[in-house]
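K.L.:
The structure under discussion is supplied below as structure tokens; questions concerning it will follow.
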Amino acid sequence: MTAVDTPAAASALDVAAVRADFPILSRTVRDGKALVYLDSGATSQRPRQVLDAEREFLEQHNAAVHRGAHQLAEEATDAYESARARIAAFVGADPASLVFTKNATEGINLVAYAMSNAATAGPDAARFTLGPGDEIVVTELEHHANLVPWQELCRRTGATLRWFEVSPDGRLDLDSDPITERTKVVAFAHQSNVLGTVLPVAELVRRARAVGALTVLDACQSVPNRPVSFTGLDVDFAAFSGHKMLGPSGVGVLYGRQDLLAAMPPFLTGGSMIEMVRMEGSTYAPPPQRFEAGVPMTSQAVGLGAAVDYLSAIGMDAVEAHEAALTGRALDALAEVPGVRVVGPTDLVDRGGVVAFVVDGVHAHDVGQVLDDRGVAVRVGHHCAWPLHRRFGVAATVRASVHVYNTPAEIDALVDGVRAAQKFFGVA
Amino acid sequence: MQLEQMYQEIILDHYRSPHGAGLRDPFDAESFQINPTCGDEITLRVRLDEGKVAEISHETLGCSISQASASVLTDLVVGRSVEESMRVLTAFQEMAQGRGQVEPDEDVLGDGVAFAGVARYPARVKCALLGWMAFKDAVVRVSGDVPGTAGGTSDGKDAT
Ligand SMILES: Cc1ncc(COP(=O)(O)O)c(C=O)c1O
């Protein structure tokens, strides 16, 4: 797999054909305006192929997976496990190392709660226990989903939270490294959902490993947008959400190294995750079942399987190149607008397709409202990265984010809308 | 264009030169409110005098709607009895949360009726209410309860 921005890869993506697969993109909003959807970083749209896969599953094969011996139960289980296998291949992992969760937030919480449960789970789980004197390291750019669960884990165990800082240009400040012999976990985003910055995963893994700390990668903003191999990155855990990668909401994935999952105590307990149950106590199934208590989301998992098929057919190199071209166009055009300041790297080096910015004299909400009036959907606010916004001294930013179906003309519509907002509020 | 319905000239005027802006002393109570969805903040001070709202001052870090709303609030409640001001607050809140279905009473709300357009945009309702929730909270801090309103939930600050 080579990830290079070759024009060949870019031209491999036929945007018009792609757009035809997404029914929602042809609707209008706010009195007949064409929808310009630039909020895929929050949630992406779903192609017909995903919607059809869910419907076909529900119309033909629906049953509780891993339970029952009837034909539908077999077919449903096959569909569910086949989705797991294809998603695993998509992220360079073995199917047995993939746990289905509700979303990335649940995946990260699963690890955090398993670690607090480790205190009473016997010698196998000892490597996961934390206590006073131990430290968890995160970064200042994390989404709340990869920050608050660690704050809570610290609160429950007496461990201490430390963090890498972010430099003014929106990169991780590797000199602010708080990793020490006390560090037990290093949790960080693959790509910032605000700055677009891609973090130096290999370097962070190297530093974590040097002190024997576990690594947890928040891959929410990377898996949807570029080729990613968890085994290649050599992280211990990783989490992502289906709804940001053209798949359904209600399904996400936690990846864990198999030896770690095998030793890790469960988070949620109940049906489907047991090996043997007696009134006096129970033993638990091997992973991934140990971490999938209860009847799981099934049509959603099937839909996510269809989403990775769809993305694979396009090719993640082509997706990455397409998004890079759009991001470059946005960065160039916004740089031409006086009074607009991009928060994050202004070049394409180690940078993905989310562009956050502030407009001098116009609050992000007000910019967003003018854009919305023109049919342009962006996100405004702190995007669940409040400490990062505080770091940059802003309460809120406007964030545009792209995916396979976006076009250069849509980037131009964004920039036109920003100029219109300046005009409307009398700052240009 | 729908934009003008929301950003009526009155709102833009208040936004450009907000009344009550800048924190002043002395005061009886201060309230700090945030909108957790966007991070906007207001610090609002109230001074009461013999059951009347004598002064309001505020520092608002937020969008045009939240700033203009705090300004209109200042105009509407200063000089009124606390009880009257709570009636205005209730009317403003009903309009703001009315999804555009509540016909505002200009006699009660004055310039506040300009926010009727905001009520059609659910995402902005909290912006319009931020200052009002700070005012209510500050009054509670002075008087221990809120005269003239039922219940004590401040809808402006629930997390979503
Ligand atoms: C970087 C990052 N991490 C975590 C999340 C949380 O994802 P979810 O809400 O699907 O659990 C998001 C999405 O909002 C994100 O962008």
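The values are calculated or read from the model by the stated rules, or taken from the named source; none is laboratory data. All of these numbers come straight from a predicted model, not from anything done at the bench. So basically every Cβ, Gly included, is an ideal-geometry build from the backbone, and we count neighbours across all protein chains shown. Note: areas computed on protein heavy atoms with side chains; ligands, DNA, RNA excluded. Shrake-Rupley method; radii C 1.70, N 1.55, O 1.52, S 1.80 Å.
K.L.:
Just checking, does segment A:360-367 include any residue being touching a strand residue (DSSP E or B) at 6+ places or on another chain (Cβ under 8 Å), open to solvent by less than 30 Å² (accessible area, probe 1.4 Å), of a type outside the set (Asp, Glu) and away from chain B (no Cβ under 14 Å)?
P.N.:
So far as segment A:360-367 goes, no, none of its residues is touching a strand residue (DSSP E or B) at 6+ places or on another chain (Cβ under 8 Å), open to solvent by less than 30 Å² (accessible area, probe 1.4 Å), of a type outside the set (Asp, Glu) and away from chain B (no Cβ under 14 Å).
K.L.:
Condition first: open to solvent by 20 Å² or more (accessible area, probe 1.4 Å), more than 11 Å from the ligand (Cβ to nearest atom), aliphatic (A, V, I, L, M) and within 23 Å of residue A:115 (Cβ to Cβ). Can you find one or more residues in segment A:235-252 that meet it?
P.N.:
no
K.L.:
Quick one: which of B:109, B:89 is closer than 21 Å to residue B:8 by Cα, in a helix (DSSP H, G or I) and at pLDDT 95 or above? Walk me through it before giving the result.
P.N.:
Working: B:109 fails: at pLDDT 95 or above.
After applying the criteria, what remains is B:89.
K.L.:
Taking the condition of being outside any loop (DSSP other than H, G, I, E, B) and farther than 23 Å from residue A:152 by Cβ, how many residues in segment A:179-201 meet it?
P.N.:
Of the residues in segment A:179-201, 4 are outside any loop (DSSP other than H, G, I, E, B) and farther than 23 Å from residue A:152 by Cβ.
K.L.:
Which residues, counting only those in segment B:62-92, are touching a Ser or Thr at 6+ places or on another chain (Cβ under 9 Å), of a type in the set (A, V, I, L, M, F, W, C) and within 14 Å of chain A (Cβ to nearest Cβ)?
P.N.:
Passing the criteria: only B:70.
K.L.:
Suppose we filter B:118, B:125 for residues that are open to solvent by 10 Å² or more (accessible area, probe 1.4 Å) and not hydroxyl-bearing (Ser, Thr, Tyr); which single one remains?
P.N.:
Numbers: B:118 fails: open to solvent by 10 Å² or more (accessible area, probe 1.4 Å).
That would be B:125, the only listed residue that is open to solvent by 10 Å² or more (accessible area, probe 1.4 Å) and not hydroxyl-bearing (Ser, Thr, Tyr).
K.L.:
With the condition kept exactly as written, say whether any residue in segment A:182-189 is in contact (Cβ under 8 Å) with a residue 12 or more places away in the chain and more than 23 Å from residue A:134 (Cα to Cα). Reasoning before the result, please.
P.N.:
Pass one, segment A:182-189, residues in contact (Cβ under 8 Å) with a residue 12 or more places away in the chain: A:182-189.
Add one more test, that the residue is more than 23 Å from residue A:134 (Cα to Cα), and what stays is none.
No; the residues of segment A:182-189 include none that is in contact (Cβ under 8 Å) with a residue 12 or more places away in the chain and more than 23 Å from residue A:134 (Cα to Cα).
K.L.:
Here's something else I'd like to know. If you scan segment A:372-423, which residues turn out to be of a type in the set (Lys, Arg) and under 16 Å from residue A:323 (Cα atoms)?
P.N.:
A:399
K.L.:
Same structure, new question: Looking for something under 25 Å from the mean Cα position of the chain (by Cα) and within 14 Å of chain B (Cβ to nearest Cβ) - is there at least one such residue anywhere in segment A:21-39?
P.N.:
yes
K.L.:
Take segment A:409-428 and flag every residue that is among the small types (Gly, Ala, Ser) and part of a helix (DSSP H, G or I).
P.N.:
Initial filter on segment A:409-428 (among the small types (Gly, Ala, Ser)): A:409, A:413, A:417, A:420-421, A:426, A:428.
Selection gives A:409, A:413, A:417, A:420, A:421.
Residue by residue, here is whether (1) in contact (Cβ under 8 Å) with a residue 40 or more places away in the chain; (2) acidic (Asp, Glu); (3) within 16 Å of the ligand (Cβ to nearest atom) holds:
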residue: A:364; (1), (2), (3): no, no, no
residue: A:370; (1), (2), (3): yes, no, no
residue: A:375; (1), (2), (3): yes, no, no
residue: A:379; (1), (2), (3): yes, no, yes
residue: A:389; (1), (2), (3): yes, no, yes
residue: A:392; (1), (2), (3): yes, no, no
residue: A:397; (1), (2), (3): yes, no, yes
residue: A:400; (1), (2), (3): yes, no, yes
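K.L.:
Quick one: residue A:135 ticks every box in (1) open to solvent by less than 10 Å² (accessible area, probe 1.4 Å); (2) within 19 Å of the chain's Cα centre (by Cα); (3) acidic (Asp, Glu) except a single one, so which number is it?
P.N.:
Residue A:135 satisfies every listed condition except (2).
K.L.:
Right, here's the next one. Assess whether residue A:383 counts as being within 22 Å of residue B:60 (Cα to Cα), assigned to a loop (DSSP other than H, G, I, E, B), within 12 Å of chain B (Cβ to nearest Cβ) and open to solvent by less than 10 Å² (accessible area, probe 1.4 Å).
P.N.:
yes
K.L.:
Please report, ordered by residue number, the helices (runs of 4 or more DSSP H) entirely within segment A:1-104 with at least 3 residues that are modelled with pLDDT of 95 or more.
P.N.:
A:15-20, A:48-60, A:71-90
K.L.:
If you don't mind, another one. From the list A:309, A:332, A:347, which residue is away from every other protein chain (no Cβ under 14 Å), surrounded by fewer than 24 Cβ atoms within 10 Å (Cβ to Cβ), under 21 Å from residue A:244 (Cα atoms) and of a type in the set (Asp, Glu)? Can you show your working first?
P.N.:
On the way: A:332 fails: under 21 Å from residue A:244 (Cα atoms); A:347 fails: under 21 Å from residue A:244 (Cα atoms).
A:309 is the lone residue from the list that is away from every other protein chain (no Cβ under 14 Å), surrounded by fewer than 24 Cβ atoms within 10 Å (Cβ to Cβ), under 21 Å from residue A:244 (Cα atoms) and of a type in the set (Asp, Glu).
K.L.:
What are the pairs with Cβ atoms under 6 angstrom where one residue, in segment A:234-246, is among the charged types (D, E, K, R) and the other, located anywhere, is surrounded by fewer than 24 Cβ atoms within 10 Å (Cβ to Cβ)? Sequence gap at least six, or different chains.
P.N.:
Sorted first by the residue in segment A:234-246, then by its partner, the pairs are A:234/A:205; A:236/A:214; A:236/A:215; A:236/A:257; A:236/A:260.
K.L.:
Now a separate question. Out of segment A:275-297, which residues are in a loop (DSSP other than H, G, I, E, B) and not charged (D, E, K, R)?
P.N.:
A:279, A:285, A:286, A:287, A:288, A:293, A:294, A:295, A:296, A:297
K.L.:
Going by what's in this entry, would residue A:158 be described as on the phi > 0 side of the Ramachandran plot and within 15 Å of the ligand (Cβ to nearest atom)?
P.N.:
It is false that residue A:158 is on the phi > 0 side of the Ramachandran plot and within 15 Å of the ligand (Cβ to nearest atom).
K.L.:
Go through segment B:24-61 and count every residue that is out of contact with any His (no Cβ under 7 Å at 6 or more places or on another chain), part of a loop (DSSP other than H, G, I, E, B) and either open to solvent by 50 Å² or more (accessible area, probe 1.4 Å) or within 14 Å of another protein chain (Cβ to nearest Cβ) (or both).
P.N.:
8
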